[in-house]
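These notes are about the structure you will find just below.
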Amino acid sequence: MHIMKKLLHLKKSLKGVFVLVLFLHSACLISQNIKISGKITDTSGTPLMGVNVIETGTSNGTVSNGDGIYSLVANTNATIQFSYIGYVSQSIKLGESSTLDIKMLESTESLDEVIISTGYIGQRKADLTGAVSVVNMEGIRNIPTSNPMQALQGQVPGLYIQTDGNPSGDNSQILIRGFSTLGDNNPLYVIDGVPTKRAQAFKNLNPQSIESIQILKDASSSSIYGSRASNGVIIVTTKESKGQEKLNIQYDGSVSIQKYSSSLPVLNTKQRGEALWRASINDGTNPNIHSALYNFDWHTDNQGVPILDQVNVVDWIGGESLGVRSADTNWQDVVFRDAIMTSHDLTITSGSEKSSMLFNVGYFDNEGLARYTDFKRYSARINTSTKLLNGKLKIGENFQLAKSVETPTPSDLGGASVIQMAKFLQPIIPVYDVNGEFAGPPIGAGFSDRNNPLHMLYINKDDKNHRLEIFGNVYAELALAKNLTFRSSFGIDNTNGYNRNIERSFTEGFLSRTINSLSINKWHGINLTFSNTLNYRLSHKSHNLDIVIGTEKVDQQFLDNGVYREEFALQDDDYFQIGAGTGRTTATGSETGSKLFSYFGKVNYDFDKKYFGSFTIRRDGSSRFGENNRYGLFPAASLGWKISNEEFMGTSKEIISDLKIRAGFGVVGNQDIGDYARFALYETNYGGSAGRASTGTAYPIAGQNSGNLPSGFVSLQAENKNLKWETSEELNIGLDFGFLNQTLTGSLDIFKRETRDILIRPPYPSILGEGKSQWVNGATNESKGFELMVNYQKSYGDFNYSVTGNLAKFKDEITYLPQSVVRSYAGNVEKTILGRSQTALFGYITDGIFQNQAEVDAHANQPGKGIGRLRYVDLNNDNVINSLDQDWLGDQLPDFTYGINLNLSYKNWSISTFFQGVAGLEVPNGIKSATDFVGSNSGTNYGLRTLSAWTPQNTASTIPALSLVNRNDETRRSNYNIEDASYLKLRNLEIGYDLTNIVGKFGINSMRIYMLGQNLFTLQKDEYTGPDPENPGNLYPRPTTYTLGINISL
């Protein structure tokens, strides 16, 4: 018994010792662990969500939330690894600090893991075998613009964008690899799986809500879209919540000031008088013919040279009774202003493992450089998804709502734009007369019939273009079995427009509109897309197979109605209602539509991540084509070999870290010819005549000679049952490379494309009778070129930098046209457009200026030739200057396009610059006829260059002598007015600072402020004589813009 008590006592003692040892051991373990936390951002300070934070050698880890915040308990001696797709992984040895804020550098190598959408199917970037460019969204998100496409200018090799400074952001031209056809060359847009040809749908996207943009450039990549893919495809995926549970609020805002920085040097009032005096003297005309505006004090020196002493401007234009006092108006200063542009975006995201939600609202306001013009847009986006049935079923939707209001730039009574009038209206005209009314040119005083541009802007300030658009889709994804997924998507592209144009009556000098009017145009377009796909993925050992098959139905309709009415008693904005007019009323309307039904399939295969293949086929049936060619088949195939993954590369992988060759061939089509090109068309015509012949179709069938007559129909177009697709075949060969562990990376693509059966509408012999014109397949176009992209990035501690450059060349040429169509293009009977670009420029060649009468007499028979006049080359040596002395002068597409990005970051600071340029671009300088000549633009203002024109005392000048007439026809197309518009522009310069460490204590997760400058300077050729080679005519000028912005996350 005593022994038993001792054993029990020993047991209790051992139990106590065990508990004490366990406690001490736990305390020791606790003392060896530390809780670390911090924030993870990219180099610009933007929080990164979903970054993997792992204690190396263990399974202990976490991920950053929507604000980039993380926390983790780890061993005090541990090494923590931070990894994220698209960024360089970092390993940090823990020290004494429990706070680790991480900035992650983008990695081209990691970007290879990014899943790229190439049409109904995803694919790793590293596995691509076609020509696909991925846009770096971080470089464009903060650029304030009403159109994200403008921010892409120069960023992607092969994507050529021409645009102006219009506040609405409408583009002039978007080309992928140049011209493919003689008609519509616009690309196809696919936004969240919904296809559309409307550039407006892309324009309305908020850059902050775009996750990724991919450009499918070659036929092997885009053939999955068949008959709509010949001009390339732009695929956009918008953002969605990435599964974080915490509610995240992101605000992005900016305010910008835009300045008119491309002012054209023109003459002031006295200088214009000097130019008129000189032109009169050159012509042997008495300068007093300009006495309505100017009087001149001048004399002749001892050498017989006329000398101008003084230009005297009249006090009153047309006499004092008209109340128009002479002025010295700078019309560019009057029309253009410093304009404010603001942008505000609020994004709310939230989600869990089963659901996600993104809600974005935006407001954009651009005052516009021209007074009384502006553009406003209100937008909203909601993207949600939910998983059901234990994750087997996913349903979701992506919808964008955009409402915009634009005050468009008006024109005057003669159709001239106010941009043109701001440059060339005479400076002697004041803005207002002595009564405070808008002044205009008095009759009989040597003025053109151009209006006061500020007056035109003011009386058109109530003109509005309204748009309301809904774009998006609802979808469902169902996992039918392992690796087998069915997806169904119903997309809608719905757009409504309401344009209101008021034409007020007015009197302005000798110009007037006596009858006021109101025009209203309403239009509605809707495209419905129903897509169904079945996707199967199989991986077995080194084999990986991805298959998708599907169907797609597209139904599109468009209708518009317009009404016009005259004579309104009041001219108030509110009074201009159709019912308030009392005069003539007309109404118009039309409706059109088409349908497309398709079957398609795609197979992606790779073996051991070394050998890749992709095979696509699509069959389209379109209502736009004749019944004998209703369907088209579009196949494609591409192969790739990743040499860097071969064992024989051995240790060279340390130097050549990535090397892949690609080759692809595909067939795509173009159906953009209008909905009724194949049909025989007829219309009623209730009146009209041509000479003595009646062109109407109303006849007195019953013999009546008055009242309403029944109408027949007149033929407009003949039917073509054989009308079919344009077909483009393209070969692409590519190389992807990386060196020094992907420090230097890049890609090179070379392509050749031929488009056959291009749709044209040739003239027809009159013997066939009226209405026999028809659309036919009858032309061939060829294009070829290359694209190069190179990136270099390096990091030294807290200092990171990267340089990215791209270079592209594309050239097109027409290789076949029916003989009846050839003369519809540039050229003459001896030199045709065949073998030339459709943008080729054709004209005369000048050979300097006649310096003396001997040169004039020795030259060929050139009507209007004389001393001081341009000399045209007699190319065919027949001693006569005529149309056969023309030749090809260049192309309106550049020889090369290029862009250079430079990004630097150090701790909380970041700097980025972007240069964009073109080389070898020939353009007709649309304003040179006004800047260099007097006689061709009577009654307008002229360029400052006219004061440097040729005279007997200034024979070195390349500008012809001034003349009041244009006997030598010097404004004809020639190499004198066609100029090299090559340029290099500093498009963007951004400086940013991350304030997160400062504002974090106030509950703000992250904050970054930045300053941004756009179009800061331009380098151009000396021979280009305009202010902006990007805008060689009278387009809306592109401003220089200064922006202050903020990105803040709560």
For the stretch 821-942, just run the numbers: alpha carbon Rg, then divide by 2.2 N^0.38 Å, N being how many residues it has.
1.61
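At 0.36 nm per residue, minus the direct Cα-Cα distance, what do S321 and L484 gain on full extension? Give it in nm, one decimal, please.
49.9 nm
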Which order do peptides 228-240, 796-808 fall in by mean Cβ count within 10 Å, highest first?
228-240, 796-808
XL table K217/K595; K392/K482; K928/K1021; K394/K482; K203/K376; K387/K602; Cα-Cα > 18 Å flagged, in table order, is K217/K595; K387/K602
Can you tell me the orientation of helix 2-31 relative to the chain, as the angle in degrees between its alpha-carbon axis and the longest Cα principal axis, to the nearest 10?
20 degrees
Test of understanding: ordering L484, L921 by Cβ neighbours within 10 Å, fewest first, what list do you get?
L484, L921
What do you get for the angle between helix 269-283 and the principal long axis of the chain? Use alpha-carbon atoms, 0 to 90 degrees, nearest ten.
50 degrees
Computed on alpha carbon atoms, what radius of gyration and Dmax characterise the stretch 110-240, expressed in Å?
13.9, 41
For a quick protection proxy, order the peptides 1018-1031, 191-204 by their average other-Cβ count within 10 Å, most packed first.
191-204, 1018-1031
From the list [x] 211; [y] 182; [z] 260, can you say which value of volume of the Cα convex hull per residue in Å³ was derived from the structure given?
[z]
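Net charge near Q1020: determine it from the other residues with C-beta under 12 Å of the C-beta of Q1020, scoring Lys and Arg +1 and Asp and Glu -1.
Combined, the nearby Lys, Arg, Asp and Glu give -4.
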Residue exposure sequence - R504, R141, R662 - by fewest surrounding Cβ within 10 Å
R504, R141, R662
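If you count, for each residue, the other Cβ atoms within 10 Å and average over each peptide, how do 992-1004, 927-939 line up from highest to lowest? Show your work: numbers first, answer last.
Details: 992-1004: 14.9, 927-939: 19.6.
Packing proxy ranking, top to bottom: 927-939, 992-1004.
How big is the Kirkwood radius of the stretch 576-641, worked out from every pair of different alpha carbons and given in Å to one decimal? Before the final figure, lay out each step's value.
Details: mean 1/r = 0.0591 Å⁻¹.
It works out to 16.9 Å.
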Tell me, what is the percent relative contact order of the stretch 110-240, built from C-alpha pairs under 8 Å that lie six or more residues apart?
28 percent
Taking the number of other C-beta atoms within 10 Å as the exposure measure, put H290, H344 in order starting with the fewest.
H344, H290
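Any read-out appearing in this document is the output of simple, stated calculations on the displayed coordinates, not a laboratory observation. Treat the numbers as computed from the prediction; the structure is a model and nothing was measured. Note that we place each Cβ from the backbone using ideal geometry, even for glycine, and neighbour counts take in every protein chain shown.
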